[in-house]
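*Asks:* Submitted below is the structure of interest, expressed as structure tokens.
The values are calculated or read from the model by the stated rules, or taken from the named source; none is laboratory data. This is a predicted model, so every value here is computed, not measured. Cβ placement follows ideal geometry from the backbone for every residue including glycine, while neighbour counts extend to all protein chains displayed.
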Ligand code: IPM
Ligand code: MN
């Protein structure tokens, strides 16, 4: 099979972790007789530096031509510390999501048996956790009207959703629930927010189409608590953009490290695969970041976009093995030997080709 993959390394640790995912994907291609045509393109601060735009048209065209997009991370402290910056790397990510129609961000949270003691949470609470967040990705407060008034002394951001946006995300949630344990949780703040009340109303009206799915409605503050108390009680959760951003960072703690959790952003066109972590600028260029979230994102890509299940499974298998044998970067090394980002990549390649 010939796979056309747009490669967006981005900023910070992005290029380093992407490089490992490329190595691993190339090893898979070699083993299973595929050819990968990598199509690199600029995004984020790197793109601002080169062409003054965090998501240039050329990058968008490359994404549209590809079968799938593999993405590293976006963000640079130079912009974080300058609230007056007009052009920001994150705008590139948001534009990319919007222009590619990536309205659903699939963020699984699962535990690795060999890491169960590394989580700051108690083993008996997190054992067996296997849940998926479907985060709405192209609406809500991220894209609503914002601005300043009162001579700049008042600022506002608005959260807007329409029924169509909620419905298409919710349908994905119901469909995923049907393939899993038929349990769906709608996370909102319907006791306060009008947009949440529309979420609830819309999801409720879909219930009759999926009579087998057991739907619960929970407030986001309560979910934030129960997520670390009883993560096992959840299976598929659907929520709006900002709640999903916050809750999925929280959920990553269950697995033991933020450096482990992959994600897929899907919509009407090409899907994009990316780790849920950010650009971690303090670690950039040091070869110490955990590449597994990106490598597991590549595994999701092989399975979801290309329907290459065996390939995907092999990646997950060697990743499990690396964790069992403690071939891990410093975030997971617990005072023991820490391997470099590139060494973890090399080890996985060797195992795949064995
Ligand atoms: C994420 C990130 C982004 C988001 C940032 C970098 C804009 O935190 O993918 O979760 O908030 O969506
Ligand atoms: Mn985030």
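Every residue, every condition in (1) within 20 Å of residue 349 (Cα to Cα); (2) crowded, with 21+ Cβ neighbours inside 10 Å, yes or no:
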| position | (1), (2) |
| --- | --- |
| 307 | no, no |
| 319 | yes, yes |
| 330 | yes, no |
| 334 | no, no |
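*Asks:* Looking at the range 162-187 only, could you name the residues that are assigned to a strand (DSSP E or B) and either within 14 Å of residue 106 (Cα to Cα) or within 20 Å of the chain's Cα centre (by Cα) (or both)?
*Replies:* Hits for the range 162-187 are 184, 185, 186, 187.
*Asks:* Output the residue which, of all residues in the range 85-110 that are in a loop (DSSP other than H, G, I, E, B) and out of contact with any strand residue (DSSP E or B) (no Cβ under 8 Å at 6 or more places or on another chain), is surrounded by the most Cβ atoms within 10 Å (Cβ to Cβ).
*Replies:* 88
*Asks:* Then there's this: Applying the selection to the range 271-320, what residues are more than 16 Å from ligand 1 (Cβ to nearest atom) and free of Cβ contacts under 8 Å to residues at least 24 places away in the same chain?
*Replies:* Selection gives 286, 303, 307, 309, 312, 313, 316, 317.
*Asks:* Sort through 82, 130 and tell me the only one that's at pLDDT below 95 and surrounded by fewer than 15 Cβ atoms within 10 Å (Cβ to Cβ).
*Replies:* 82
*Asks:* In the range 290-308, what residues are over 18 Å from the mean Cα position of the chain (by Cα) and within 18 Å of residue 106 (Cα to Cα)?
*Replies:* Matches in the range 290-308: 306, 307.
*Asks:* On to the next question. Right, residue 145: exposed (fewer than 11 other Cβ atoms within 10 Å of the Cβ) and within 24 Å of residue 265 (Cα to Cα) or not? Give the derivation first.
*Replies:* Details: exposed (fewer than 11 other Cβ atoms within 10 Å of the Cβ): yes; within 24 Å of residue 265 (Cα to Cα): yes.
Taking the combined requirement at face value, the residue satisfies it.
*Asks:* Starting from the range 67-92, take each residue that is at positive phi and list its partners that are away from ligand 2 (no atom under 16 Å from the Cβ), counting only C-beta distances under 8 angstrom and pairs at least six apart or across chains.
*Replies:* Partner pairs satisfying both residue conditions: 75/45.
*Asks:* Can you name the condition, by its number, that residue 236 falls short on among (1) surrounded by 14 or more Cβ atoms within 10 Å (Cβ to Cβ); (2) farther than 30 Å from residue 127 by Cβ; (3) in contact with a strand residue (DSSP E or B) (Cβ under 6 Å, 6 or more places away or on another chain)?
*Replies:* Here residue 236 meets the rest and fails (2).
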